[in-house]
Amino acid sequence: MPEFDLIIYESEFRRFEKELKRLRSESNSRAVFLISGDGQLIASAGETGGLDTTGLATLAAANLAAAGEIARSLGQRQFSGFLLEGEGGSIQISPVGERLILVVLFDNRTSVGLVRLRVKKAGRKFLDIQQAIAPVSATSPSLPAGGHFAGITDEDLDNLFRAL
């Protein structure tokens, strides 16, 4: 995944949370997580008590990165996601566009097919929300053009810092 810092405003965060809750409910999963490509937890919904959500986010991103390298070695751009199955539960890890990863934890209360179907549907909604988030290159300290910062000039910033 490309290196981008994300600036997520409250309105986008709320939309992400709403869609995560919907996905958790519609897929009958235990918990769902939205994480950045570098493994930072953005939002979650469901049964997260007792889970190391930070560690899970980091490991999920690392696993997706490894799967991406496997895909490239096989001549593919990337996999649409992958499933890890265990005795007591399973985890579906799926990329959402270029910057986000969706993680779904589920058990025998649901089926793999239902989870995959709901993840695919939710992925489109997360992509729509993601379009509103302007990427900031990890190598560039500048803020994205447009949005809340449109129209702010150097003179405005100078006046602001003089007032402090």
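What follows is calculated from the coordinates using simple rules that are stated; it is not laboratory data. Bear in mind that the values here come from a model prediction, so they are computed numbers and not experimental data. Ideal geometry is used to build each Cβ from the backbone, glycine not excepted, and the neighbour counts take in all protein chains shown.
Values for this structure:
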quantity: Protection-proxy order for peptides 52-61, 100-109, 82-91, 29-38, each taking the mean of Cβ atoms within 10 Å per residue, highest first; calculated: 29-38, 100-109, 52-61, 82-91
quantity: Förster-model FRET efficiency, 25 Å R0, residue 109 and residue 74, C-beta, rounded to 0.05; calculated: 0.15
quantity: Under 5 Å, built H, 5+ apart or other chain: amide partners of residue 43; calculated: 34
quantity: Computed lengthening from residue 59 to residue 82, 0.36 nm per intervening residue step minus Cα-Cα distance; calculated: 6.9 nm
quantity: Mean separation of Cα contacts under 8 Å, 6 or more apart, over the residue count of the range 66-129: relative contact order %; calculated: 21
quantity: Table column - 3J(HN,Hα) (Hz), the range 14-29, Karplus curve with 6.51, -1.76, 1.60, x for Gly and Pro; calculated: 4, 5, 4, 4, 4, 5, 5, 4, 5, 4, 4, 5, 5, 8, 6, 8
quantity: Virtual spin-label span in nm between residue 117 and residue 22, 7 Å along Cα→Cβ; calculated: 1.7
